[in-house]
Amino acid sequence: MYKYILRRLLQMIPVLLGSTFIIFAMVFALPGDPTAGMCGERPCAPAFVAKFKQEHNLNDPLPTRYAKYMGNLAQGDLGTTFRDIKVADELKQRYPTTAKLAGMAIIFETLIGVIAGVMAGIRKGKFMDNLVLVSTLFVIAIPIFVIGATLQYYLGVKWGLRPVTVSPQATVNELLLPAFVLGSTSVAYVARLTRTNLVENLRADYLRTAIAKGLTRRRAIGLHALRNSLIPVVTFIGADFGGLLGGAIVTERIFNIQGVGGYLFTGIHNRDGVSVVGTVTVLVLVFLLVNLLVDLLYGVLDPRISHD
Amino acid sequence: MRGTTRTVAMVAGISSVALLAAACGGGNSDKTTSSSAGGKAGGAVTVRGCNPQNPLIPSNTTETCGGNVLDAITAKLVHYNAETGAPENDIADKIESTDNQNFTVTLKKGYKFHDGTEVKAKNFVDAWNYAAYGPNAQSSGYFMEPIEGFGDTQCTGSGDDPCAGAGKAKAEKLTGLAVKDDYTFTIKTTEKVSNMAVRLGYSAFAPLPDSFAADPKAYGEKPVGAGPFKFDSWTKNTEIKLSKFADYSGKFGGKLDGITFKIYQDEDAAYNDVIANQLDVTDQVPSSAMIDAKYKTDLPDRNAAKSVGVIQTITFAPTKVDPNYADPKIRQAISMAIDRDTIIKQIFNNTRQPATGWVSPVVDGYKANQCGEYCVYDAAKAKAKLDEAGGFKGGKMTLAYNADSSHKGWTEATCNSIKGALGVDCVATPVVDFATFRTQIASHKMKGMFRSGWQMDYPSIENFLAPLYKTGASSNDGQYNNPEFDKLINEAAAQTDPAQANAKYQQAEALLAGDMPAIPMWYSTATFGWSTKVTGVKITAFGTIDFASLSLK
């Protein structure tokens, strides 16, 4: 077990190096001079451009720049953006907010998704099953910004039941609605995954044996069938968590949440390569760790999957 | 039983009377606050902000996000009137000149910086020298250009570092600035400048305290000005807090105790917060609320719109880059082929005002209809004009725009209008983003027509002409060159009487109609919305909130 974890941690190093280099190369290969739009609708003075390029190592060839960047990164320095703001300071403030939002969204989708999936699965072909299938199809079909803007307008602006936007403190109460919106599409996927797997496992020989041995239906489904059905769901949720961290751009904009998604977007928009690479590096790291956690969870859910 | 019934009836009676009284009171107070700009003293407001892109140094801030904050915390020599845009003395007691080249500035006594030190003449001179000096690389350094000795403070080298070796700036200080005593200094300009006082209200000309020179970086994090509000805190990407400066001795302080700029990524979110009374003022109304003037029903009696000093134009690539548009008749034909009114109605929901010249109506010296018949849509005349010029030789016309902002709609509509009137194919061509777009224009690689906008630096007719159309000027993207125009601009600058200076500028502007270096499209308007808690919301000529008149009800 510990050997396995150690091996996985060591494997992360080449992945991290490779992915950061690809991102670094891609971001800085984008056309356009980052100073061109900095002085309003006019070109910047040559001295300004020169100082800017020198401060941000823009004159060095790409491999040298990457080496310098990684050297700083190894010492825990994520660099300063083109606007002279430390990336680490930004991320320290933004990651907790986004993590809170993504975590709450995950709780929503797991709770509602699994319960709906189980209810549909055990009554296959009945009303409940059809209801879940149709309603999830409906949610998947609507773009997330429509759900977000509609709920914001009715619950926030019109009826005043929820705060319209999220304050800088980003309290749990304020994040309830955005987290619900963010998790809504995934709820549908989780419900459908749970249902399909449960239906399949309900037909499995081991379940028939368990019931024949005299186990109650509730215990047979809850302990045996559901546990085996959850493996694909856990995989999905793990991947989804990483996606939610970086991909909550739309939800963050609608509710004005100062999180990672919006930061990434403005970074790309402003040609601010340093902030993009810094954010993504941390994202890659989180993604790898979450995936490791998911792999370890497999062993818990199904003891036949061993990590030794 | 009877007793009980009576009591109930009486209670109901009292409460309905009370309700009636309350309703009357509410109605009355609404009337008084909306008709007069009254409102009570004190209290704090929250307004929409955006994220400043640079550390907050006045001479290094060219964008509105940081500019709005700096405007509230700095006091300048002059202050622009919120309604007319005319300069009014703030720190300056008087600015005198007999020849438009030598200016003597006298300061009022008693102005203090937020750190307690007094504002003296040297604070201005040092700040301006810092802004001008090339190696300091300040983005607003060009504002100092008219002052004598500016050329020597610039780096002259080329390549990676223009300040290295022989390219080093010859002088650290502007020779045109001299401190006479604590409250007097003089400005000498290289050429005559007719509107010096108007220019001095821009934040690049704000005085800096002595502590600035010691650590400009720390200053950028927590700027110290001499204005009515002092800087309290800045949570990056979240909010900026300002509070009233008790020792401010000027007259533009207003009634507020505090201002919070809440930073939004999206104007829709800010707008929704205003409707729900969770934000006090937004200076942007999203396009979704502009459709059929929806904002007027969302925010009844809580909205306002006003023209601001921004003009949208279409510029032609320099003749040597694209000779197909060289003939002014072709340019005039294109201009006449654009149906501005219809485009404004259909694309902008009437939030623009058709341009009839090259100067915004908000500035002193504006004259209507300078473009004359060439800015009026007339398909038949346009076609005739094009035939007179011998037709268009380049095959199809192109109109470039930056695709990262919402320009697609109007550029395509404009092209369709041209196509319909002239029978020449016209294509709106996107360029990936603003940075790339500007690079292509500045390096003269862009052919055909391209969109161009101008936001004024200071409210003067001169600012809409000299920087854009004078030979070799910094923003002369089309490389327009007309000796007669240059001559008139120089003559205007020499006039000591503002009215005569304006007359000369107007003559210069009239020349543009003959050459059409750029097609005037429309002037922008700013639309504001505010909560039920505030009153006295005024929009300045720059499209910003006037904090001197804003207050709580």
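Annotations for the structure displayed:
- Residue check: residue B:504 meets all listed conditions (1) farther than 16 Å from residue B:357 by Cα; (2) open to solvent by 40 Å² or more (accessible area, probe 1.4 Å) but one, namely (1).
- Complete set of residues in region B:274-294 that are over 17 Å from residue B:48 (Cα atoms), within 14 Å of another protein chain (Cβ to nearest Cβ) and either out of contact with any Lys or Arg (no Cβ under 9 Å at 6 or more places or on another chain) or in contact (Cβ under 8 Å) with a residue 60 or more places away in the chain (or both): B:294
- Inside region B:459-490, residues that are within 19 Å of residue B:445 (Cα to Cα) and under 18 Å from the mean Cα position of the chain (by Cα) make up a count of 3.
- Test: residue in region B:341-355 that is assigned by TED's automatic domain parsing to the domain that holds residue B:434, part of a loop (DSSP other than H, G, I, E, B) and open to solvent by 40 Å² or more (accessible area, probe 1.4 Å): yes
- Residue check for residue B:423: away from chain A (no Cβ under 14 Å), at positive phi and surrounded by fewer than 22 Cβ atoms within 10 Å (Cβ to Cβ): yes
- Verdict on residue A:104 being assigned to a helix (DSSP H, G or I) and either of a type in the set (S, T, N, Q) or in contact with a Leu (Cβ under 7 Å, 6 or more places away or on another chain) (or both): yes
- Those helices (runs of 4 or more DSSP H) lying entirely in region B:162-222 with at least 2 residues in contact with a helix residue (DSSP H, G or I) (Cβ under 8 Å, 6 or more places away or on another chain) and over 22 Å from residue B:88 (Cα atoms): B:211-214, B:216-221
- All positions within region A:119-144 that are open to solvent by 30 Å² or more (accessible area, probe 1.4 Å) and of a type in the set (A, V, I, L, M): A:119, A:122, A:128, A:131, A:133, A:134, A:137, A:139, A:140, A:141, A:142, A:144
- The residues in region B:485-507 that are touching a strand residue (DSSP E or B) at 6+ places or on another chain (Cβ under 8 Å) and assigned to a loop (DSSP other than H, G, I, E, B) can be counted, and the count is 1.
- Among the residues of region B:443-472, the one identified as within 12 Å of chain A (Cβ to nearest Cβ) and on the phi > 0 side of the Ramachandran plot is B:444.
- Some residue of region A:133-144 being closer than 30 Å to residue B:280 by Cβ and within 14 Å of chain B (Cβ to nearest Cβ): no
- Residue check, residue B:475 open to solvent by less than 10 Å² (accessible area, probe 1.4 Å) and of a type in the set (Gly, Ala, Ser): yes
- The listed residues are A:251, A:266, A:165, and the only one of them that is in contact with a Leu (Cβ under 7 Å, 6 or more places away or on another chain), among the hydroxyl-bearing types (Ser, Thr, Tyr) and closer than 25 Å to residue A:90 by Cβ turns out to be A:251.
- Scanning region B:478-487 for residues that are open to solvent by 20 Å² or more (accessible area, probe 1.4 Å) and either in contact with a Cys (Cβ under 7 Å, 6 or more places away or on another chain) or over 15 Å from residue B:318 (Cβ atoms) (or both) gives B:483, B:484, B:486, B:487.
- The number of residues in region B:234-264 being without any contact (Cβ under 8 Å) to a residue 12 or more places away in the chain and within 11 Å of another protein chain (Cβ to nearest Cβ) comes to 1.
- Single residue of region A:51-65 satisfying the filter (surrounded by 13 or more Cβ atoms within 10 Å (Cβ to Cβ) and either β-branched (Val, Ile, Thr) or not in a helix (DSSP H, G or I) (or both)) that is nearest to the other protein chains (Cβ to nearest Cβ): A:59
- Selection within region B:39-75 - open to solvent by less than 10 Å² (accessible area, probe 1.4 Å), out of contact with any Leu (no Cβ under 7 Å at 6 or more places or on another chain) and among the hydrophobic types (A, V, I, L, M, F, W, C): B:47, B:75
The values are calculated or read from the model by the stated rules, or taken from the named source; none is laboratory data. A quick note: this is a predicted structure, and the numbers were derived from the prediction, not measured. Methodologically, a virtual Cβ is constructed for each residue, glycine included, from the backbone with ideal geometry; neighbour enumeration extends over all protein chains shown. Only protein heavy atoms, including side chains, enter the accessible area calculation; ligands, DNA and RNA are left aside. Shrake-Rupley method; radii C 1.70, N 1.55, O 1.52, S 1.80 Å.
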